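The structure appears right after this line, and notes come after that.
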Amino acid sequence: MANELFLDGPVGDEFDAGTVRTQLTAMRDEPLIKVLVNSPGGSAFAGLSIYQQLKQHPARIEVVIDGLAASAAAVLAMGGTTVAMASTSLLMIHRASALTAGNGAAHQKSIEALRRVDGSIARAFADKTGKPIAEIERMLDAETWMTAEEAVAQRFADAIVEPTSESATPQAMAWDVAAYDYKFAASAIDRLREKLGPEAYFDAALANAVRGRHGGKTPTRRGNRGSRVSRSDASSPAIRAFDAALSASIRQTVRPQRKG
């Protein structure tokens, strides 16, 4: 029986490049590893690192997407020797995004960095599918969602499978797919900003971004020398409330209207 690696939840939060490296190292002598993925995405850098770890591992890596592989999770899934999808699973690819604060030079630097990240993401998908980079770029621009059948037809996946009860992840298909339709995120955030007010919204968004991007490290906040944001600050009731409000706002934005 193959060793199994479960990648459930946000990339860089529920699991990160370091924890995956540790687990893969422990399985370095195994001939076959099955990687089950159910994730809405997360850190692009963690996703790219895990992609390379899977590609470079000496074992045969069989990736199975049994729920959702979106954004960074879609990237890392391409690192498998083979990629299979459950018939009810979904794959989503799009461009990287980031939150930038500062002057024009800071924003321009962020734009340039994002373009380079997009280039790495496009290369991973092109290597898997054999598609030209230009075609992948158009799919990233469009934020492309694919069913299992569509992903196989587009060569992002190799086969459609039905996971067995022994190998299916406990949270398979637990994610609300609509909540992660990033095309709707902008309007949801605008509504939340209006509700909280600009100052409260910015403080909450900053702490939320620090939590997601720094993995518990304590970066210095410019403009307030010596002030640091720790994991305990980022997991405070205020930030948890922000997360809940943002999630609810997104769901409200995308909830279909009932007829009649």
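Per the conditions (1) more than 22 Å from Trp145 (Cβ to Cβ); (2) surrounded by 15 or more Cβ atoms within 10 Å (Cβ to Cβ); (3) touching a helix residue (DSSP H, G or I) at 6+ places or on another chain (Cβ under 9 Å), the sole criterion not satisfied by Ser110 is (3). Residues of region 14-44 that are open to solvent by 10 Å² or more (accessible area, probe 1.4 Å) and either under 16 Å from Glu62 (Cα atoms) or part of a strand (DSSP E or B) (or both): Phe15, Gln23, Met27, Arg28, Asp29, Glu30, Pro31, Leu32, Lys34, Gly42.
Here Arg123 meets each of (1) open to solvent by 60 Å² or more (accessible area, probe 1.4 Å); (2) touching a residue at least 12 places away in the same chain (Cβ under 8 Å); (3) within 18 Å of the chain's Cα centre (by Cα) with one exception, condition (2). I'm checking my understanding of the structure. Among residues of region 93-107 that are of a type outside the set (Gly, Ala, Ser) and open to solvent by 60 Å² or more (accessible area, probe 1.4 Å), which one is modelled with the highest pLDDT? Step by step, filter region 93-107, then rank; the result is Arg95. As for region 51-62, it holds no residue that is touching a helix residue (DSSP H, G or I) at 6+ places or on another chain (Cβ under 8 Å), over 12 Å from Ala124 (Cα atoms) and surrounded by 24 or more Cβ atoms within 10 Å (Cβ to Cβ).
The values are calculated or read from the model by the stated rules, or taken from the named source; none is laboratory data. Since the model is a prediction, treat every value here as computed from it, not as a measurement. Positions of Cβ are generated from backbone atoms using ideal geometry, with glycine treated the same way; all protein chains shown enter the neighbour counts. Note: areas computed on protein heavy atoms with side chains; ligands, DNA, RNA excluded. Shrake-Rupley method; radii C 1.70, N 1.55, O 1.52, S 1.80 Å.
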